[in-house]
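Everything below concerns the one structure shown next.
Just so you know, all these numbers are worked out from the coordinates, no wet-lab data involved. In this text the structure is predicted, and so the values were computed from the model without any measurement. Counting neighbours? That spans all protein chains shown, and the Cβs are built from the backbone with ideal geometry, glycine included.
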C-alpha cells in the first residue's frame with residue numbers, strides 16, 4: 001500500500017513482479033513485471049505505470065487458448081477535486097494527462113497495476129486475423145476444416161411482415177402536418 005500523505009518530495013518508484021495475476025473472466029497475466037512511479041503535484045498525484053506480461057485468454061471466435069505479449073505504459077493524474085476530474089484532462093507543460101478521481105489516501109499498488117493491464121487487454125482477441133470461428137450447430141472449429149452440418153435456411157419474411165409492408169407502402173408520413 002502506498003500512503004499518499006507520506007510521499008517523498010522526489011516521488012516514489014516501486015518495482016514488482018508476479019508469476020500470475022487473474023483478471024476478469026477466464027483471463028490472466030503470466031510473468032508480470034511492473035514499475036509504478038508516484039509523485040505529488042500540488043494537491044494532486046501524478047501516476048505512471050509501466051509493465052509487461054504475457055496475456056493468457058482465448059480467441060473470441062473459436063475459443064482456442066492464446067498467449068500474447070502485453071505492454072502497458074500509462075500516465076495520469078489522480079485528484080480529489082471532482083471539478084478537475086469532470087473536465088477530464090489537465091495540461092502539464094507539453095503533455096496532456098487524463099485525470100482520475102482518487103479520493104483515497106492509500107493506494108494499492110497491485111490493484112493499480114491490475115487496472116492498467118485490464119484497460120490494455122485485447123477486447124476481441126483472435127488466434128488468426130481470418131479466424132473462421134465455430135459452427136453454431138455442432139461446435140466444430142472451422143479453422144480445422146468444414147463440418148457436415150446443413151446451413152441454416154434463409155429466413156424469409158413472415159406473412160405478417162409482408163402484409164405490413166404492403167399496407168404501409170401507400171402511406172406517406174409528412175412531419176410538417
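Assorted remarks:
- Sites residue 42 and residue 1 - FRET efficiency at Förster radius 25 Å, r taken between beta-carbons, to 0.05: 0.65
- Helix 159-169 axis, angle to the chain major axis (alpha carbon atoms, nearest 10°): 90
- Highest average packing first - 54-64, 7-17, 35-45, Cβ atoms within 10 Å: 54-64, 35-45, 7-17
- Of 157, 103, 69, the residue with the greatest mean-square motion in the GNM of the chain, using alpha carbon springs below 10 Å, is 157.
- Note on residue 138 and residue 26: with the Förster distance fixed at 25 Å, the Cβ-Cβ geometry gives a FRET efficiency of about 0.65.
- Contour excess over end-to-end distance, with Cα ends at residue 10 and residue 147 and 0.36 nm allotted per residue: 43.0 nm
- The chain: most fluctuating residue of 19, 129, 118 per GNM, C-alpha cutoff 10 Å: 129
- Candidate values (i) 14.5; (ii) 11.8; (iii) 19.8, label of the one derived for mean projected area of the Cα convex hull in nm²: (iii)
- Full-stretch length increase - residue 161, residue 104 - with 0.36 nm per residue and alpha-carbon distance subtracted: 14.8 nm
- Helix 109-120 and the long axis of the chain differ in direction by around 30°, with both axes built from C-alpha atoms.
- Residue-averaged [θ]222 nm for the chain, counting only DSSP H segments that reach four residues, each worth -39500 (n - 2.57): -5000 deg cm²/dmol
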